[in-house]
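Below you'll find the structure, written out as structure tokens, and then a few comments.
Nothing in this text is a laboratory measurement; each read-out follows from the coordinates by a stated rule. Keep in mind that this is a model prediction, so the values were computed, not measured. Note that we place each Cβ from the backbone using ideal geometry, even for glycine, and neighbour counts take in every protein chain shown.
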Amino acid sequence: MSKRLFVSVDLPTELADEVAAVQEEFADASGLRVTDPEQAHVTLFFLGDVHPSRVKTVKSALIEAVEAADIDPFTARVEGLGVFPSLEYISVLWAGVSVGAEELTTLHKAIEPRLVDLGFDADDHEFTPHVTLARMDHAGGKELVQEGVRELDPVVGEWTVEDVRLTESELTPDGPEYSTVRRFEL
């Protein structure tokens, strides 16, 4: 049975309360479904469903990519808000990465071509380091979200990024549950 996988940099659980506090600002926005603050992360590459026979090859490509990126542990800071794809049509509400964005982008640029070479789909948009806070199921609370993005400038916090993870996402009735398949130390 295939596994739903992505490559991520995870926020430490100590920042979960800060993530939740930002999400709480949007509690009255109808149609907004928040993510689990305990599972907050920056996605570097989404692989999708991967057959178990391919996982070893993916791990090898990630070892090579992280080595090639040549990034030492670094500080990342999550602050500010944004949306995808636009304020007019919101599908995702996110917190941005200010400090550490360059390192995350370097990691993404090392990872993406190696995984695309293995047959995975490249992102169809420019990489923007971010932490997904919520997804919009319908536009009921769009104005509230637009107002919050324009007026709020929250700081979630900072931490030292020491690894990249291959993460499995198991879809459950209560939302996705993430587990680390493998860590790749910087």
- Note on the structure: For 71, 90, ascending order of other Cβ atoms within 10 Å (fewest first) is 71, 90
- Item | Cut-off 9 Å between beta-carbons: net charge of the residues surrounding residue 78, Lys and Arg +1, Asp and Glu -1 | -2
- Message: What does the extension gain come out to for residue 67 and residue 122, with contour length at 0.36 nm per residue minus their alpha carbon separation?
- Response: 17.8 nm
- Reported label for calculated volume of the Cα convex hull per residue in Å³ given [x] 167; [y] 112; [z] 126: [y]
- Message: Taking the Cα centre as origin and putting +1 on Lys and Arg beta-carbons and -1 on Asp and Glu beta-carbons, what dipole magnitude results for the chain, to the nearest 20 debye?
- Response: 760
- Note on the structure: Any aspartates and glutamates whose Cα falls less than 17 Å from that of residue 3, other than same-chain ones fewer than 8 residues away, would be 49, 121, 168, 170, 177
- Message: I want the local charge near residue 146. Using Cβ-Cβ distances under 14 Å, sum +1 for each Lys or Arg and -1 for each Asp or Glu among the other residues.
- Response: -4
- Theoretical FRET efficiency, 1/(1+(r/R0)^6), r = Cβ-Cβ of residue 153 and residue 59, R0 45 Å, to 0.05: 0.70
- Query: For 108, 125, what's the fewest-to-most ordering of other Cβ within 10 Å of each Cβ?
  - Reply: 125, 108
- Task: Using +1 at the Cβ of each Lys and Arg and -1 at the Cβ of each Asp and Glu in the stretch 3-185, identify which of 113, 34, 179 lies farthest towards the dipole's positive end.
- Result: 113
- Query: What ranking do 136, 1 get, fewest neighbouring Cβ atoms within 10 angstrom at the top?
  - Reply: 1, 136
- Query: Under a point spin-label approximation (7 Å from Cα along Cα-to-Cβ), what is the residue 49-residue 92 distance to one decimal in nm?
  - Reply: 2.1
